[in-house]
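Notes follow the structure.
The values are calculated or read from the model by the stated rules, or taken from the named source; none is laboratory data. Fair warning: this is a prediction, and the values are worked out from it, not measured in the lab. Cβ coordinates were reconstructed from backbone atoms using ideal geometry, including for glycine residues, and neighbour counts include every protein chain displayed. Just the protein is used for accessible areas: all its heavy atoms, side chains included, with ligands, DNA and RNA removed. Shrake-Rupley method; radii C 1.70, N 1.55, O 1.52, S 1.80 Å.
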Amino acid sequence: MEFINLLPENCIAHILSLTTPRDVCRSSIVSPIFRLAADSNVVWEKFLPLDYRDIISRLCSPVASYSSMKELYFHLCNPVRIDDGKMTFSLEKSSGKKCYMISPTELSITWDNEPMHWTWKSIPQSRYNFYICT
């Protein structure tokens, strides 16, 4: 283990970027050099989706500012509204996989405007303030 600490920080950061966010967080307790590498923007930018800049541009409430890619990553692990509030986006914390939740009004539902088949009911505590009742 002592030999691995002789590697340059950027080399360790590159190795960590080939793992998962969970592994990087766990490895940060191995040694001070691992902690530095685990906080590297190089590592956390690899875990962000390739289109993260586009996703950020679609946020309803812009990200104020983030001091690091790690901070941005963890910010996006909490659901954020995008596309004028018609969807929410988040990253799955341990893997970085993208998660989308679509408002029911954005779905194409046969006869959705026919009261005989569908009724939209408002629920104030709902994420999108309504649900579909058949």
> Per residue and in Å³, how big is the convex hull formed by the alpha-carbon atoms of the range 2-41?
Replying inline: 58 Å³
>> Tell me the net charge near Glu92. Cut-off is 15 Å between Cβ atoms, Glu92 excluded, with +1 for each Lys or Arg and -1 for each Asp or Glu.
In response: +3
> Going by average Cβ neighbours within 10 Å, how do the peptides 36-44, 87-95 rank, with the highest at the top?
Replying inline: 36-44, 87-95
> How much of the accessible area of the range 51-116, in percent, comes from carbon and sulfur atoms when a 1.4 Å probe is used?
Replying inline: 52 percent
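What shape does the range 1-110 have by the C-alpha gyration tensor, where a ≥ b ≥ c are the square roots of the eigenvalues, rounded means a/c under 1.5, and otherwise prolate means a/b greater than b/c and oblate the rest? Kindly include the intermediate steps, with their values, before the conclusion.
Working: a/c = 3.53, a/b = 2.61, b/c = 1.36.
Prolate.
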